[in-house]
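S.K.: The following block contains the structure, expressed as structure tokens.
The values are calculated or read from the model by the stated rules, or taken from the named source; none is laboratory data. Worth saying up front: this structure is predicted, and the values here are computed from it rather than measured. FYI the Cβ positions are ideal-geometry reconstructions off the backbone, even for glycines, and counts take in every protein chain you see. For accessibility, only protein heavy atoms count, side chains too; no ligands or nucleic acids. Shrake-Rupley method; radii C 1.70, N 1.55, O 1.52, S 1.80 Å.
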Amino acid sequence: MLKTGVIGLGFIGPVHIEALRRTGMADIVAVADQNRAAADACASKYNIPKSYTDYRDMLKNTEIDVIHICAPNFLHYEIAKAVLESGKHVICEKPLAICADEGRELVNLAKEKKKVGVTSFNLRFYPLVQQARAMVQKGELGKLYAYHGTYLQDWLLYDTDYSWRLDSKICGKSRAVADIGSHWIDMAEYVTGGRIVSLCADTTTFLPVRKRPSCEVRSFQTAEIGEYESVQIDTEDFATLLFHMDNGVRGNLTVSQISAGRKNRLQFEADGAENSLAWDSEQPNSLWIGHRDSYNEQLIKDPNLMYADTRTYADFPGGHTEGFPDTSKQLFKSVYEYILRNGHLKGEKPDFPTFEDGLRETLICDAILESSEKKAWIDV
């Protein structure tokens with residue numbers, strides 16, 4: 001087992017803790033959060049020996065092998081750099097950094113220190129996303145023509161909805177694209193095996209003024225509006241994107257955090273010369289397979305029906321659903337197996353998303369914002 005520390009205990013920190021426990025490969029020895037009550041409560045709830053309010057004190061703990069960064073976006077670069085310099089491996093929530101220069105520095109530092117640097121694009125680890133990728137790569141669809149879809153949420157539909165993710169000083173200059181669109185784009189390049197080389201985007205802020213409540217509001221939480229102040233919003237609620245890939249694929253994406261009824265829906269379709277397939281994260285255990293000259297099919301997640309090289313990502317038998325919590329478990333299992341096997345970052349790129357993938361999404365996000373501002377096609 002590897003000894004692990006987790007920094008940031010909002011929505012995603014406990015997700016990491018619970019997923020790590022399920023891998024059987026991590027001994028979580030410490031947590032850190034600037035809120036002392038939150039740090040102590042989390043340590044008590046999960047029976048974790050140590051809690052800190054300053055992550056730097058945690059990094060002095062020489063028994064820790066891996067640090068998970070679940071803090072707000074603007075802290076990712078600062079913390080990841082300190083973790084690498086302390087000689088520890090790091091798994092960082094997306095975005096890796098809020099600008100490309102910071103991302104490049106972290107990529108180079110991880111290589112210099114020979115440490116594993118991971119960007120937590122966990123959604124590619126749904127079992128049927130792995131199956132879809134394998135089908136595309138094995139030529140089941142024929143020559144791939146198009147890849148398109150959406151990532152839709154509704155938790156910011158009203159002007160009374162508020163979170164730190166709306167503050168560009170904390171989350172960065174992009175919100176909907178950087179927060180959820182990055183997952184879709186990472187999955188698009190992972191499934192197709194191609195890379196986006198040019199794009200044309202339009203971003204919109206439908207609610208330029210929101211009501212920020214006087215009390216703290218966590219992500220995805222509805223606040224009881226009492227006292228509030230009106231604040232200007234300079235990050236996007238909605239984005240549409242056309243793109244070209246280096247393998248000839250044409251694609252489009254719609255990202256929204258103001259789509260009523262869509263709680264957390266990542267959907268994509270891949271269209272090939274022979275067949276198509278489609279997947280929806282709100283029905284993650286079903287993969288639609290489309291045909292021109294015969295009946296369409298629906299593959300239900302079942303290890304016995306999946307390819308041999310993808311069934312390893314399905315831990316339960318057919319009819320036993322696997323969902324969002326399982327994606328983090330599968331990602332962490334893949335990373336921890338790699339560290340236990342190799343001890344350090346080796347030359348070849350592993351199958352899990354690395355700092356390079358995090359930098360890649362930062363570059364694409366920058367291109368999307370530039371395209372929207374200039375109303376033009378932009379090369380990535």
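S.K.: Sort Lys94, Lys111 by heavy-atom solvent-accessible area, probe 1.4 angstrom, most to least.
M.R.: Lys111, Lys94
S.K.: Using θ = phi - 60° and the Karplus relation 6.51 cos²θ - 1.76 cosθ + 1.60, list the HN-Hα couplings for the stretch 93-98 in order, rounded to whole Hz, with x at every Gly or Pro.
M.R.: Once rounded to whole Hz, the list reads 4, 7, x, 4, 7, 9.
S.K.: Thr354: accessible area at probe 1.4 Å, nearest 10 Å²?
M.R.: Near enough 10 Å² of accessible area.
S.K.: A further question on this structure: Probe of 1.4 angstrom, ligands and nucleic acids ignored: what's the accessible area per residue over the chain, in square angstrom?
M.R.: 43 Å²
S.K.: May I ask for the equivalent-ellipsoid semi-axes of the chain, computed as the square root of five times each C-alpha gyration tensor eigenvalue and listed largest first in whole Å?
M.R.: 31, 27, 21
S.K.: Let me ask something else about it. Among the listed pairs Lys94/Lys263; Lys45/Lys114; Lys45/Lys94; Lys45/Lys349, which are separated by more than 28 Å between their Cα atoms?
M.R.: In this structure, Lys45/Lys114; Lys45/Lys349 exceed 28 Å between Cα atoms.
S.K.: Continuing with this model, one more query. Of the heavy-atom accessible surface of the chain (probe 1.4 angstrom), what whole percent is carbon and sulfur?
M.R.: Result for the chain: 48 percent of the exposed heavy-atom area is carbon or sulfur.
S.K.: Going by a ≥ b ≥ c, the root eigenvalues of the Cα gyration tensor, does the stretch 41-131 fall in the rounded group (a/c under 1.5), the prolate group (a/b larger than b/c) or the oblate group?
M.R.: oblate
S.K.: Could the peptides 141-150, 258-267 be put in order, highest first, of the mean number of other beta-carbon atoms found within 10 Å of their residues?
M.R.: 141-150, 258-267
S.K.: Could you give the semi-axes, largest first, of the ellipsoid that matches the stretch 293-372, computed as the square roots of 5 times the alpha carbon gyration tensor eigenvalues and rounded to whole Å? Let's see the in-between values first.
M.R.: Values: eigenvalues 172, 109, 31 Å².
They are 29, 23, 12 Å, listed from largest to smallest.
S.K.: Any chance you could get the radius of gyration and Dmax over the Cα atoms of the stretch 167-298, in Å?
M.R.: Gyration radius and largest Cα-Cα distance of the stretch 167-298: 18.4, 61 Å.
S.K.: Please give the charge dipole size of the chain, origin at the Cα centre, charges +1 on K and R Cβ atoms and -1 on D and E Cβ atoms. Round to the nearest 20 debye.
M.R.: 800 debye
S.K.: Provide the per-residue ³J(HN,Hα) series for the stretch 264-281, in order, calculated from phi with Karplus coefficients 6.51, -1.76, 1.60 and θ = phi - 60°, each as a whole number of Hz, with x at glycine and proline positions.
M.R.: 6, 10, 9, 10, 9, 9, 10, 10, x, 5, 10, 8, 10, 8, 8, 8, 9, 5
S.K.: Another question, then. For the chain, give the share of DSSP beta bridges that are antiparallel, in percent and rounded to the nearest 5; count only bridges with both residues there.
M.R.: Values: 45 of 72 bridges.
Bridges in the chain are about 60 percent antiparallel.
S.K.: Rg/Rh for the stretch 250-349: what does it come to with C-alpha atoms and Rh from Kirkwood?
M.R.: Looking at the stretch 250-349, the ratio lands at 1.03.
S.K.: Quick one: which residues, 5+ away or cross-chain, put their amide H under 5 Å from the amide H of Tyr162? H built at 1.01 Å from N.
M.R.: Long-range HN contacts for Tyr162: Ala223.
S.K.: Can you sort Glu236, Glu373, Glu85 by 1.4 Å-probe accessible area, starting with the largest?
M.R.: On the way: Glu236 5, Glu373 155, Glu85 110 Å².
Final ranking, largest accessible area leading: Glu373, Glu85, Glu236.
S.K.: A further question follows. Under the classification rounded if a/c is under 1.5, otherwise prolate if a/b is larger than b/c and oblate if not, where does the stretch 1-89 fall, given a ≥ b ≥ c as square roots of the Cα gyration tensor eigenvalues?
M.R.: Taking the square roots of the gyration eigenvalues as a ≥ b ≥ c, the stretch 1-89 is rounded.
S.K.: If you count, for each residue, the other Cβ atoms within 10 Å and average over each peptide, how do 157-164, 67-74 line up from highest to lowest?
M.R.: The peptides rank, most packed first, as 67-74, 157-164.
S.K.: Take each uninterrupted DSSP H stretch in the chain, measure its Cα extent along the helix axis, and return the ones at 27 Å or beyond whose mean Kyte-Doolittle hydropathy is at least -1.0.
M.R.: Going by DSSP H runs, the hits are 324-342, 355-374.
S.K.: Still on this model: Taking the mean number of other Cβ atoms within 10 Å as a proxy for protection, how do you rank 41-49, 172-180 from highest to lowest?
M.R.: 172-180, 41-49
S.K.: At 10 °C and a viscosity of 1.306 mPa s, what translational diffusion coefficient does Stokes-Einstein give for the stretch 79-134, taking Rh as the Kirkwood radius over Cα pairs? Give it in µm²/s as a whole number.
M.R.: Rounded, D is 128 µm²/s.
S.K.: Rg to Rh for the stretch 107-233: what is it, with Cα atoms only and Rh by Kirkwood?
M.R.: Taking Rh as the inverse mean 1/r over Cα pairs, Rg/Rh reads 1.07.
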